[in-house]
Amino acid sequence: MLNQFLFVYGTLLESGNEFALYLQNNSTVYAKGKFKGRLYDIDKYPGAVDDPDYEYDVYGSICLLKNPSAALKHIDQYEGFGIGQPQPYLFIRKLIKAVTDQGLITCWVYIYNLPITGLHQISSGDYLTYKEDKKNPSDF
């Protein structure tokens with residue numbers, strides 16, 4: 001049986017994104033979560049790299065997919081992964097263990113699959129907060 005949980009941490013959390021809307025209509029938010037890794041700013045979207053030995057986390061939400069096979073196939077297109085996508089894939093979909101208030105949950109996540117050299121690391125691990133802070137910089 002296909003895993004029915006998907007960890008999202010970037011543009012799939014944004015309102016106004018057609019794929020986020022698709023996900024909203026085809027899943028329910030199960031829990032907030034995090035996993036060990038690094039998050040990078042890749043201009044219009046973030047990319048996460050999982051690293052179980054890293055001291056910081058990537059934060060996001062875990063969605064319970066209503067029809068995992070159909071939903072993942074649809075989201076794969078958006079993430080540049082799978083049949084018909086250019087090689088190397090922009091992202092790869094893999095299973096990770098995310099930490100939640102309910103304990104560890106095994107879920108799918110899209111991991112950035114291209115070189116990270118020269119990319120800005122989002123040290124907070126929280127893309128939506130980072131993006132908001134970029135729009136409204138404080139005057140320190």
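Tabulated data for the structure shown
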{"quantity": "In region 62-136, the trypsin sites (Lys or Arg not before Pro) that fall in loop regions by DSSP, at most 16 other Cβ within 10 Å", "calculated": "K66"}
{"quantity": "Filtered GluC sites (Glu not before Pro), region 1-76: DSSP coil and at most 11 other beta carbons within 10 Å", "calculated": "E55"}
{"quantity": "Under-19-angstrom lysine pairs by C-alpha in the chain, whenever the two are 8 or more apart or on separate chains", "calculated": "14"}
{"quantity": "Net charge over other residues, Cβ less than 12 angstrom from the Cβ of L119 (K, R count +1; D, E count -1)", "calculated": "-1"}
{"quantity": "Between region 82-140 and region 33-62, the Cα center-to-center distance that results, in Å", "calculated": "4"}
{"quantity": "Structure-derived mean projected area of the Cα convex hull in nm²: which label, when the choices are (1) 8.1; (2) 9.6; (3) 8.7", "calculated": "(2)"}
{"quantity": "Helix-only CD estimate at 222 nm, as mean residue ellipticity for the chain, using -39500 (n - 2.57) per DSSP H run (n ≥ 4)", "calculated": "-6000 deg cm²/dmol"}
{"quantity": "For region 59-72, Karplus couplings with θ = phi - 60° (6.51, -1.76, 1.60), whole Hz, Gly/Pro x", "calculated": "9, x, 10, 9, 9, 9, 6, 5, 9, x, 4, 5, 5, 5"}
{"quantity": "Inter-probe distance in nm under a simple model that places probes 7 Å from Cα toward Cβ, at V29 and L128", "calculated": "0.5"}
{"quantity": "Exposure proxy order (Cβ contacts within 10 Å, fewest to most) of L12, L119", "calculated": "L119, L12"}
{"quantity": "Spin-label model distance (nm) - E14 vs Q102, 7 Å beyond Cα toward Cβ", "calculated": "2.8"}
{"quantity": "Residues of region 112-137 with amide N under 13 Å of a point placed 7 Å along Cα→Cβ from Q77", "calculated": "none"}
{"quantity": "From phi via Karplus (6.51, -1.76, 1.60), per-residue ³J(HN,Hα) for region 114-122 in Hz, x at Gly/Pro", "calculated": "10, x, 9, 4, x, 7, 7, 7, 8"}
{"quantity": "Low-density loop cleavage sites - trypsin sites (Lys or Arg not before Pro) in region 28-58, where at most 14 other Cβ are within 10 Å (DSSP)", "calculated": "K44"}
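Each reported figure results from applying straightforward, stated rules to the coordinates on display, with no laboratory input. Quick caveat, the model's predicted, so the values are computed rather than measured. All Cβ positions, even for glycine, are placed from backbone atoms using ideal geometry, and neighbour counts span all protein chains on display.
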